[in-house]
Amino acid sequence: MLEPLYTIKTECICCERTFETSRVRQSFKKALRTDSDFCAYYKEGHNPDYYVVRVCPGCGFASTENSIAVLNDAQKRLYREKLGSGWTSRDYGGERSWEQALESYKLALLCAQTVRDKERIIAGLLHHLAWLYRYREQTEQELRFLRFALESYVRVYEVEGVSVNNARLMYLIGELYRRLDEPYESVKWFSRVIHNKKIVDAAMIRASREQWQLLREDMLAKKLEMPEEMQQSQ
């Protein structure tokens, strides 16, 4: 019978050591359901998110396929001084538990912050950490990391602005504000996706309309004052 995991060889961008890391086979990647902020749920032992981060057993540098591809000498030195010098060799190459997945993401986050990787990478790692806590219903930690992820996504938007089609990013910002119980900020971001004529991403426009309506119903139920955007007809 086909195993859900297979291994690939990869080279550490910090110490250039070749090591093995696991992946979930494509045929096992069918999500059972997905939350409105794209957090996916899989059969036990088949969660591909557990294996996104590659951790070098030699020097401890952790990254993803979307992380920075090459480190310069200054970045390598920074990593060794701040993190690598305290690394105790351990292997994340086989099947990972929830705890090991959590550790791998936290390592990747520390590495990305240390070498000053792109803000978008840091935001994604923070969001994935929130999802891991959600799987275990650790709500306080989930909301803490959702807040960090939100702040990071806003920084991404401030840098990229409208120079690229950021409908998914704007939707995510709106959705994280909604999950963090900040409805007025949330409405602003969903409205931007819905009303910006330059946005042609039909899926994100539809998702924004759905969450906008959900938000409206929730605000009516709580007897909150309707923001200007909601007083106008959709």
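Taken as a whole, the structure leaves W189 outside the set of residues that are among the aromatic types (F, W, Y) and in contact with a strand residue (DSSP E or B) (Cβ under 9 Å, 6 or more places away or on another chain). Examine the range 214-221 for a residue that is buried (at least 20 other Cβ atoms within 10 Å of the Cβ) and not charged (D, E, K, R), and state whether such a residue exists. Yes, that holds for at least one residue. Can we say E225 is open to solvent by 60 Å² or more (accessible area, probe 1.4 Å), in a loop (DSSP other than H, G, I, E, B), of a type outside the set (G, A, S) and farther than 22 Å from S152 by Cβ? Answer is yes for this residue.
If you scan the range 1-19, which residues turn out to be within 19 Å of E95 (Cβ to Cβ) and surrounded by fewer than 14 Cβ atoms within 10 Å (Cβ to Cβ)? Matches in the range 1-19: M1, L2, E3, Y6, T7, I8, K9. Residues that are in contact with a Gly (Cβ under 8 Å, 6 or more places away or on another chain), assigned to a helix (DSSP H, G or I), open to solvent by less than 30 Å² (accessible area, probe 1.4 Å) and not polar (S, T, N, Q) do occur in the range 192-199. Here D49, D37 are screened, and the one residue that is assigned to a loop (DSSP other than H, G, I, E, B), within 24 Å of Y153 (Cβ to Cβ) and either open to solvent by 80 Å² or more (accessible area, probe 1.4 Å) or acidic (D, E) (or both) is D37. In this structure, is E185 within 24 Å of M219 (Cα to Cα), surrounded by 16 or more Cβ atoms within 10 Å (Cβ to Cβ) and not hydrophobic (A, V, I, L, M, F, W, C)? In short, yes. Checking the stated criteria, R206 turns out to be of a type in the set (D, E, K, R) and assigned to a helix (DSSP H, G or I).
The values are calculated or read from the model by the stated rules, or taken from the named source; none is laboratory data. Since we're looking at a predicted model, the values are computed, not measured. Please note: Cβ atoms are built from the backbone with ideal geometry, for glycine as well, and neighbour counts cover all protein chains shown. Keep in mind that these areas ignore ligands, DNA and RNA; they rest on the heavy atoms of the full protein, side chains included. Shrake-Rupley method; radii C 1.70, N 1.55, O 1.52, S 1.80 Å.
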